[in-house]
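Undergrad: Shown below is the structure under consideration.
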Amino acid sequence: MKSNNQPAISPAREAAIQILYRVMSSAAHSDDLVHSPAVSRLSPEDRNLTTALVLGVLRWQLQLDAVMRPMLQRPDAELHDAALLALRLGIFQLLHMDRIPPHAAINESVEMARANGAAHAAGMVNAILRRVQREKETPQRTPLVVAMTPEEQAHPEWLITRWRKNFGNATTRRIAAYDQQEPPSGQLYTPEEGLPQIDDGSRLIAEVTAAAVPNPKRILDCCAAPGGKTAILAIRHPQAEIIACDVSPKRLEAMRKRMDRSESTKHVKTLLADMTAPPADLQAEKFDLILCDAPCSGTGTLSRNPEIRHRLRPSDLPRQVDRQKALLRQALQLLAPGGRLIYSTCSLEPEENLEVVTAATVAGTYRSIDLSSLLPESVSSAAIGGTLRTLPGTQPCDGFFAALLEATPSSP
């Protein structure tokens with residue numbers, strides 16, 4: 001989508017609509033785009049507004065569409081991309097950003113539609129946004145009991161249904177409420193000089209892994225990019241030989257550059273590898289400590305990565321699970337006798353978590369180790385059956401799972 005850069009549109013809103021178009025039309029990630037060089041060149045105020053608009057629209061998109069669609073002459077009509085995004089941006093500002101003057105939200109949304117190829121829809125955008133504003137000023141009476149909160153309505157119905165089944169209604173509402181806000185930081189850990197800046201949930205996994213084996217000689221990180229957890233392992237165990245693998249050349253190259261920026265991580269070796277089928281030379285090695293932080297659905301990180309909810313389908317989960325089982329089975333084969341492995345995901349879904357661990361270890365000589373003693377007291381409530389399971393809104397971090405496995409001396 002190409003803009004004419006009309007002066008009536010603020011740089012922040014112009015950047016936001018371009019990022020939202022990229023997210024909608026490709027596999028691009030919002031987090032990468034809001035930290036891109038183009039956004040970095042904006043003023044601090046515009047950068048903050050761009051980020052708030054992009055993440056806010058993605059978090060509330062389903063609710064925004066539910067507000068807008070009944071107002072169309074044909075609710076099932078396929079709208080021009082620029083008109084659809086302009087409506088989402090305008091409605092989000094009107095309903096969720098009290099500090100934005102309504103006239104600015106409406107007028108600039110109309111101009112964004114016009115400047116990005118949807119001039120024919122500018123009148124419709126204007127009419128709908130003015131109706132949203134009128135109805136906001138004269139709200140309807142809300143029933144005392146609602147089937148779904150607005151936060152739950154901002155999630156796919158199939159996801160809310162499965163969370164209710166797995167966690168109950170109250171916990172599901174806490175998860176949904178957490179997902180609609182900027183995720184907290186510094187609630188579990190205070191910043192520590194020399195450590196990478198990563199979210200608390202990711203740091204929790206890294207710290208638990210680092211504490212699982214005292215003085216390991218050889219460490220393997222199976223799915224390492226972007227490298228924050230690897231860096232913490234390197235800093236906590238500076239004498240260990242560390243090999244960090246990833247299947248993506250681009251992500252591994254970026255990680256290598258990060259590792260080389262600090263003396264504390266330069267010794268990390270990076271290796272391009274699909275760990276569902278490790279290279280032969282790696283299969284000949286044995287490791288005292290392995291982190292298998294498996295690619296997953298990411299349903300524990302919807303606040304941080306809101307576009308996941310729009311891309312994920314129920315049919316995606318079985319494919320994820322097959323890959324996770326293959327990763328874990330192969331990683332376990334690389335453990336030295338008595339070595340330990342952390343299997344982790346940022347998923348809330350049981351089939352990606354404990355069920356993977358159970359399936360991958362059923363035929364091997366491995367035992368589960370209770371990792372509760374490795375957890376900070378602030379998340380002791382997240383120890384479930386000897387595993388870690390943080391739930392957004394219950395613990396002050398994203399949703400993560402971890403299990404600790406040990407190779408018995410009879411393991412090959």
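Undergrad: What's the number of the only condition in (1) closer than 28 Å to Arg59 by Cβ; (2) open to solvent by less than 40 Å² (accessible area, probe 1.4 Å); (3) in contact (Cβ under 8 Å) with a residue 24 or more places away in the chain that Leu327 fails to meet?
TA: (1)
Undergrad: Next question, about the same structure. Is it the case that region 267-274 has a residue that's open to solvent by 40 Å² or more (accessible area, probe 1.4 Å) and within 25 Å of Arg22 (Cβ to Cβ)? Working first, answer last.
TA: Residues of region 267-274 open to solvent by 40 Å² or more (accessible area, probe 1.4 Å): 267, 269-272, 274.
Pick out the ones that are also within 25 Å of Arg22 (Cβ to Cβ) and you get none.
For region 267-274, residues open to solvent by 40 Å² or more (accessible area, probe 1.4 Å) and within 25 Å of Arg22 (Cβ to Cβ): absent.
Undergrad: Next question. Does Ala212 meet the test of being more than 23 Å from Ala326 (Cβ to Cβ) and crowded, with 20+ Cβ neighbours inside 10 Å?
TA: When the stated conditions are applied, Ala212 does not pass them.
Undergrad: May I pose another question? Residues that are of a type outside the set (Gly, Ala, Ser) and open to solvent by less than 10 Å² (accessible area, probe 1.4 Å): which strands (runs of 3 or more DSSP E) entirely in region 341-412 hold 2 or more of them?
TA: In region 341-412, 401-407 are the strands (runs of 3 or more DSSP E) which contain 2 or more residues that are of a type outside the set (Gly, Ala, Ser) and open to solvent by less than 10 Å² (accessible area, probe 1.4 Å).
Undergrad: For Arg367, state whether it is charged (D, E, K, R) and over 22 Å from Ala224 (Cα atoms).
TA: It is true that Arg367 is charged (D, E, K, R) and over 22 Å from Ala224 (Cα atoms).
Undergrad: May I ask you to verify whether Ala280 is touching a residue at least 24 places away in the same chain (Cβ under 8 Å), of a type in the set (Gly, Ala, Ser) and surrounded by fewer than 23 Cβ atoms within 10 Å (Cβ to Cβ)?
TA: No; evaluated as a whole, the condition is false for this residue.
Undergrad: Here's something else I'd like to know. Check region 161-184 and report whether any residue there is open to solvent by 50 Å² or more (accessible area, probe 1.4 Å) and not in a helix (DSSP H, G or I).
TA: yes
Undergrad: Restricted to region 222-237, and to residues that are of a type in the set (A, V, I, L, M, F, W, C) and buried (at least 21 other Cβ atoms within 10 Å of the Cβ), which residue is farthest from the chain's Cα centre (by Cα)?
TA: Of the residues in region 222-237, the ones of a type in the set (A, V, I, L, M, F, W, C) are 222-225, 231-235.
Those still in the list that are buried (at least 21 other Cβ atoms within 10 Å of the Cβ) too: 222-225, 231-234.
Working: Cys222: 19, Cys223: 16, Ala224: 16, Ala225: 14, Ala231: 19, Ile232: 20, Leu233: 21, Ala234: 24 Å.
Going through the qualifying residues, I end up with Ala234.
Undergrad: Let me ask you something else. Are any residues in region 193-202 surrounded by fewer than 14 Cβ atoms within 10 Å (Cβ to Cβ) and either in contact with a Leu (Cβ under 7 Å, 6 or more places away or on another chain) or under 23 Å from Leu404 (Cβ atoms) (or both), and if so, which ones?
TA: Across region 193-202, there are no qualifying residues.
Undergrad: Cβ contacts < 6 Å: first residue without any contact (Cβ under 8 Å) to a residue 24 or more places away in the chain, restricted to region 63-89; second residue part of a helix (DSSP H, G or I) and open to solvent by 30 Å² or more (accessible area, probe 1.4 Å), any location; separation 6+ or different chain. Result?
TA: Sorted first by the residue in region 63-89, then by its partner, the pairs are Pro75/Arg69.
Undergrad: Run His310 past the list (1) assigned to a helix (DSSP H, G or I); (2) touching a strand residue (DSSP E or B) at 6+ places or on another chain (Cβ under 8 Å) and report the number of the one that doesn't hold.
TA: (2)
Undergrad: Can you tell me which residue within region 284-294, out of those that are in contact with a helix residue (DSSP H, G or I) (Cβ under 7 Å, 6 or more places away or on another chain) and either open to solvent by 10 Å² or more (accessible area, probe 1.4 Å) or among the β-branched types (Val, Ile, Thr) (or both), is farthest from Asp199 (Cα to Cα)? Let's see the steps before the verdict.
TA: Taking region 284-294 as the starting set, the residues that turn out to be in contact with a helix residue (DSSP H, G or I) (Cβ under 7 Å, 6 or more places away or on another chain) are 289-294.
Pick out the ones that are also either open to solvent by 10 Å² or more (accessible area, probe 1.4 Å) or among the β-branched types (Val, Ile, Thr) (or both) and you get 290, 293.
Numbers: Ile290: 21, Asp293: 15 Å.
Looking at the filtered set, the residue picked out is Ile290.
Undergrad: Here is a further query. Out of region 248-266, which residues are open to solvent by 80 Å² or more (accessible area, probe 1.4 Å), in contact (Cβ under 8 Å) with a residue 24 or more places away in the chain and either of a type outside the set (D, E, K, R) or under 21 Å from Tyr343 (Cβ atoms) (or both)?
TA: Within region 248-266, Arg251 is the sole residue that qualifies.
Undergrad: While we're looking at this one, here's another question. Of the conditions (1) among the basic types (Lys, Arg); (2) over 28 Å from Glu352 (Cβ atoms); (3) open to solvent by less than 60 Å² (accessible area, probe 1.4 Å), Arg131 clears all except one; give me its number.
TA: (3)
Undergrad: With the structure loaded, tell me whether Ile205 is more than 20 Å from the chain's Cα centre (by Cα) and buried (at least 23 other Cβ atoms within 10 Å of the Cβ) or whether it fails that test.
TA: Answer is no for this residue.
The values are calculated or read from the model by the stated rules, or taken from the named source; none is laboratory data. Source: prediction; values computed, not measured. Using ideal geometry, Cβ is built from the backbone for each residue, glycine included, and neighbour counts are taken over all protein chains shown. Only protein heavy atoms, including side chains, enter the accessible area calculation; ligands, DNA and RNA are left aside. Shrake-Rupley method; radii C 1.70, N 1.55, O 1.52, S 1.80 Å.
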